[in-house]
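> Can you read through this structure? Questions will come right after.
The values are calculated or read from the model by the stated rules, or taken from the named source; none is laboratory data. Remember, predicted model here, so these are calculated numbers, not experimental data. Cβ: placed from backbone, ideal geometry, glycine included. Neighbour counts: every protein chain shown. For the accessible areas, the whole protein counts, side chains as well, though only heavy atoms, and no ligand, DNA or RNA atoms are used. Shrake-Rupley method; radii C 1.70, N 1.55, O 1.52, S 1.80 Å.
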Amino acid sequence: MTPPSPAPGPGPGPEAVYAGRVMHQRLRPQRHRLQYRMFSLLLDLQPQRLEALHRRLRWLSVNRFNLFSFHERDHGDGRARGLADWVQQQLRACGQPPASEIRLLAMPRVLGYGFNPLSLFFCHGADGRLHSVIHEVHNTFGERHVYLEPVERVEPVDEEQADGAPVLQACDKAFHVSPFLPMELSYRFRLRPPAADREDFDLAIDVLERPHPATPENAAESAAVSAADPRVLVAHYAAQRQPLTDRHLLRLFATHPLLTLKVIGGIHWEAVKLLLKGLRLHTHPARAATAGAGARAGAGSTAKVTASFTANFTTTAQVTPTLCEPTVKTGS
């Protein structure tokens, strides 16, 4: 390994480390809890910022091997360069405004190996305000899928408070992740986006059972599901902001050794535990050629846009273009 010599960049940027803990709690049919330490990097995807970061740090490289590395082909449609351009294409395909700044929160590769169960792209407009978030999900079958969601604040805030207000987003599940969970689920996201003037980052995810159709055959079951807590699983990632420096990178390597290998290993170890608890396995569904969701604005509802695509990267980097179609989607 021959790390690049550090060089001064064009000035301070939004890049940072977020170190904290992840918690998963399955609520039914069997309760199961896990918790582990992890960290993510917040990176500005502008090419000049990535190049400056590559020159500035000795132990983190961009698109090259190092102790820690960030490779653009690990995200999006797998292109070796131009990840920011791919994000702009997704925004344009779903009628969202272009992003003046795009920031990615994800784990880096460690000694060349990387795996991100969830990566987040934060898309900011010309006024600096966050307007869209892309949730990029990876599974252990070599696939990834994205949900593009416009930003909705939990409660009305004034201009000065807007960037610090929590964001609430929701979408139906459209991608097979865990063989222990069916497809008939929905996600509810509540996140407090990263910001240079705030130390904490917080993401909470509820995995919800979708209501069953109210037919005569299952009316009683439908009523029971709607009356009970619909959550099947909850997850939470809370982290604190740290400077992205060589010193902090070396400290993270010592405190979180081989993080990405431990994440993928932990996923399979927890799967063994779930099997021993007798949880049912769900087979991988047929992979749709295209998948998408769109927007509907109605009285008392908020417009929602969801873009999605699925790609298998085990054998090819070919992907199906994002398709946005109108669907019934009420506001939060």
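> With the condition kept exactly as written, say whether any residue in the stretch 50-70 is within 22 Å of Tyr147 (Cα to Cα) and open to solvent by 20 Å² or more (accessible area, probe 1.4 Å).
no
> Which is surrounded by fewer than 12 Cβ atoms within 10 Å (Cβ to Cβ), acidic (Asp, Glu), at pLDDT below 95 and farther than 18 Å from Pro117 by Cα, of Glu199, Glu217, Glu209?
Residue meeting the stated conditions: Glu217.
> I've got another one for you. Residue by residue through the stretch 113-143, note down the ones that are in contact (Cβ under 8 Å) with a residue 40 or more places away in the chain and of a type in the set (Gly, Ala, Ser).
Gly114, Ser119, Ser132, Gly142
> Evaluate the following for Thr290: is it farther than 19 Å from Phe115 by Cβ, among the hydroxyl-bearing types (Ser, Thr, Tyr) and modelled with pLDDT of 80 or more?
Criteria not met by Thr290.
> What are the pairs with Cβ atoms under 6 angstrom where one residue, in the stretch 73-97, is over 15 Å from Glu136 (Cβ atoms) and the other, located anywhere, is of a type in the set (Lys, Arg)? Sequence gap at least six, or different chains.
If the second residue must be of a type in the set (Lys, Arg), the pairs left are Ala80/Arg73.
> Something else about it: Looking at the stretch 249-273, which of the residues that are in contact (Cβ under 8 Å) with a residue 60 or more places away in the chain, open to solvent by 30 Å² or more (accessible area, probe 1.4 Å) and of a type outside the set (A, V, I, L, M) is nearest to Arg56 (Cα to Cα)?
Phe253
> Is there a residue in the stretch 71-90 that is touching a strand residue (DSSP E or B) at 6+ places or on another chain (Cβ under 6 Å), in a helix (DSSP H, G or I), of a type outside the set (A, V, I, L, M) and surrounded by 20 or more Cβ atoms within 10 Å (Cβ to Cβ)?
Yes, some residue in the stretch 71-90 is touching a strand residue (DSSP E or B) at 6+ places or on another chain (Cβ under 6 Å), in a helix (DSSP H, G or I), of a type outside the set (A, V, I, L, M) and surrounded by 20 or more Cβ atoms within 10 Å (Cβ to Cβ).
> Which of the numbered conditions does Ala235 fail, given that it passes all the others? Conditions: (1) within 22 Å of Glu143 (Cα to Cα); (2) buried (at least 17 other Cβ atoms within 10 Å of the Cβ); (3) at pLDDT below 75; (4) among the hydrophobic types (A, V, I, L, M, F, W, C).
(3)
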